[in-house]
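So the structure is just underneath, and the comments pick up after that.
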Amino acid sequence: MKVSVIGTGYVGLVTGTCLAETGNDVVCVDIDELKVKRMQDGEVPIYEPHLDVLFERNINAGRLTFTTSLQEGLAHGEIVFLALPTPEDEDGSADLKYVLGVADEIGKLITDYRVIVDKSTVPVGTSDKVRDAIAKNAKCDFDVVSNPEFLREGFAVDDFLKPERIVVGSSSPRATELMEKLYKPFVRSGNPVIIMDERSAELTKYAANSFLATKITFMNEIANFCELVGADVDKVRIGMGTDSRIGKRFLFPGIGYGGSCFPKDVKALHKSGKDSGYDFQILESVIDVNQKQKTALIPKILKYFGDDLSGKRIGIWGLAFKPETDDIREAPALYIIDELLAAGAEVTAFDPEAMENVKRKVGDAISFAPGMYGAVEDMDALVICTEWSVFRNPNYEMVKELMKAPVVFDGRNLYDVGEMKERGFHYESIGRA
């Protein structure tokens with residue numbers, strides 16, 4: 001099938017590349033000329049495991065091409081995905097200017113029937129707005145479909161190729177048939193393609209992300225309470241997670257969630273509720289607790305150093321909001337760095353993938369180490385912000401020798417408390433004695 005993808009961020013590029021992998025002829029469109037040139041030259045502009053292999057293979061096979069021309073993209077694809085940014089507006093709502101701006105242009109440019117697919121995470125009712133924007137100028141038939149993505153950064157390729165489910169919001173039998181045909185290769189093992197109305201599909205994405213964010217936030221509150229009463233959150237987590245009604249996933253406490261989805265989507269659903277006269281009290285608490293949780297290590301650090309961080313040298317392991325990505329959007333590490341700098345500390349950081357993105361954001365406000373051990377050399381303390389696998393089994397003796405003092409504040413509970421004590425570290429984590 002001929003497919004076009006408008007927008008080549010995380011969602012758009014993974015969508016286009018994975019659809020090409022199953023034999024479709026895909027054209028990806030982006031207004032960034034430099035980015036398009038890099039992709040045409042075979043360079044993947046984002047870090048996502050396994051994407052580079054599929055990217056190169058499908059470019060070489062001629063199934064994946066890139067252009068800055070929206071007209072070229074619309075002329076090519078019978079199915080056109082909109083994978084455009086929906087950034088958080090000042091009031092917490094999703095800003096639809098990019099989606100609706102492209103929709104307005106689509107109406108002027110399409111000459112034959114097209115299925116326009118909202119792949120971006122958008123508020124309930126956006127499909128109606130996109131349909132109206134296209135209809136103002138369209139002189140041919142078209143349909144608008146909602147097809148939310150459920151991709152986890154760091155696992156996006158696997159999630160797309162082997163989805164647990166595919167949600168399609170469509171009120172058009174013609175569009176539904178095309179979408180089912182497109183996705184048939186991805187659900188051969190029997191995982192469902194769930195067909196529903198557009199508004200329900202739009203809400204499904206927000207509801208799913210907000211529920212997971214709530215689950216994480218609840219465990220962070222349990223962890224904070226554990227510290228007050230002397231309980232061990234790891235034991236509580238295991239006791240809870242073996243209940244099949246609760247499940248094991250998203251129960252790991254830490255320094256809050258970040259990224260491009262959970263923070264933005266929770267706020268957007270909360271704002272949508274307000275706009276419709278409904279008060280999502282749970283989501284209001286989730287937003288508040290998560291914001292505080294991002295800096296939950298700071299009081300521990302200040303207490304250890306007698307509330308004086310002036311001239312203290314602090315190492316940071318991990319800058320991305322989660323492992324296996326270079327995404328630093330709403331990353332807890334950035335909030336911790338701001339607090340440390342404001343308290344007079346000097347910061348040196350290391351991350352396997354995200355350092356360039358942080359350099360562009362903070363400049364020379366902090367130092368960057370070429371390797372993980374460079375971020376502990378001559379440091380007064382180490383703060384762990386991201387649970388990259390490379391940090392899980394460090395050379396403990398080397399860390400002790402390099403640091404001024406063996407002091408670790410672990411925001412991701414990577415190590416055993418008793419073992420760290422035996423090794424001679426002052427070790428503090430989240431929700432454990």
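Just a few scattered comments:
- Residue selected from the stretch 37-70 under the condition surrounded by fewer than 18 Cβ atoms within 10 Å (Cβ to Cβ) and part of a helix (DSSP H, G or I), by the criterion nearest to the chain's Cα centre (by Cα): 52
- Top-ranked residue of the stretch 291-321 - restricted to ones that are in a strand (DSSP E or B) and aliphatic (A, V, I, L, M), ranked as nearest to residue 404 (Cα to Cα): 314
Table: residues versus (1) open to solvent by less than 10 Å² (accessible area, probe 1.4 Å); (2) within 20 Å of residue 415 (Cβ to Cβ); (3) touching a helix residue (DSSP H, G or I) at 6+ places or on another chain (Cβ under 9 Å).
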{"site": "244", "(1), (2), (3)": "no, no, no"}
{"site": "260", "(1), (2), (3)": "no, no, yes"}
{"site": "270", "(1), (2), (3)": "no, no, yes"}
{"site": "275", "(1), (2), (3)": "no, no, no"}
{"site": "313", "(1), (2), (3)": "no, no, no"}
{"site": "317", "(1), (2), (3)": "yes, yes, yes"}
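- Leading residue by the ranking (nearest to residue 318 (Cα to Cα)) among those in the stretch 374-431 that are among the basic types (Lys, Arg) and surrounded by fewer than 21 Cβ atoms within 10 Å (Cβ to Cβ): 392
- Residue within the stretch 4-13 that is over 18 Å from residue 109 (Cα atoms), in a loop (DSSP other than H, G, I, E, B) and touching a strand residue (DSSP E or B) at 6+ places or on another chain (Cβ under 6 Å) present: yes
- Residue identified as without any contact (Cβ under 8 Å) to a residue 24 or more places away in the chain and acidic (Asp, Glu) among 419, 428, 356, 387: 419
- Restricting attention to the stretch 208-224 and to residues that are touching a residue at least 60 places away in the same chain (Cβ under 8 Å) and open to solvent by 50 Å² or more (accessible area, probe 1.4 Å), the residue that is farthest from residue 284 (Cα to Cα) turns out to be 224.
- Residue count for the stretch 21-31, restricted to those that are surrounded by 19 or more Cβ atoms within 10 Å (Cβ to Cβ) and closer than 24 Å to residue 105 by Cβ: 6
- Odd one out for residue 363, checked against (1) among the small types (Gly, Ala, Ser); (2) touching a residue at least 60 places away in the same chain (Cβ under 8 Å); (3) open to solvent by 30 Å² or more (accessible area, probe 1.4 Å): (2)
- Residue match in the stretch 71-85 (condition: at pLDDT below 95 and either open to solvent by less than 60 Å² (accessible area, probe 1.4 Å) or within 26 Å of residue 352 (Cβ to Cβ) (or both)): yes
- Test: residue in the stretch 340-348 that is assigned to a helix (DSSP H, G or I), in contact with a Lys or Arg (Cβ under 9 Å, 6 or more places away or on another chain) and either of a type in the set (Asp, Glu) or under 23 Å from residue 304 (Cα atoms) (or both): yes
- In the stretch 86-99, the residues that are buried (at least 18 other Cβ atoms within 10 Å of the Cβ) and assigned to a helix (DSSP H, G or I): 99
- Residue 240 vs. criteria in contact with a Pro (Cβ under 6 Å, 6 or more places away or on another chain) and assigned to a helix (DSSP H, G or I): no
- Taken over the stretch 141-187, the criterion of being without any contact (Cβ under 8 Å) to a residue 60 or more places away in the chain, assigned to a loop (DSSP other than H, G, I, E, B) and closer than 26 Å to residue 324 by Cα is satisfied by 148, 150, 152, 162, 163, 164, 165, 187.
- Residue 397 meets all of the listed conditions (1) in a loop (DSSP other than H, G, I, E, B); (2) over 23 Å from residue 291 (Cα atoms) but one, namely (1).
- Sole exception among (1) open to solvent by 10 Å² or more (accessible area, probe 1.4 Å); (2) aliphatic (A, V, I, L, M); (3) in contact (Cβ under 8 Å) with a residue 60 or more places away in the chain for residue 287, by number: (3)
- Flag if residue 34 is crowded, with 17+ Cβ neighbours inside 10 Å, of a type in the set (A, V, I, L, M, F, W, C) and at pLDDT 95 or above: no
- Residues within the stretch 232-261 that are modelled with pLDDT of 95 or more and within 14 Å of the chain's Cα centre (by Cα), tallied: 3
- Looking only at the stretch 100-123, and only at residues there that are part of a helix (DSSP H, G or I) and under 30 Å from residue 287 (Cα atoms), the one that is most open to solvent (accessible area, probe 1.4 Å): 100
The values are calculated or read from the model by the stated rules, or taken from the named source; none is laboratory data. Please read these numbers as outputs of a predicted model, since none were measured by experiment. A quick note on method: Cβ atoms are made from the backbone with ideal geometry, for glycine too, and the neighbour counts reach across all protein chains shown. In case anyone asks, the SASA skips ligands and DNA or RNA and just uses the protein heavy atoms, side chains included. Shrake-Rupley method; radii C 1.70, N 1.55, O 1.52, S 1.80 Å.
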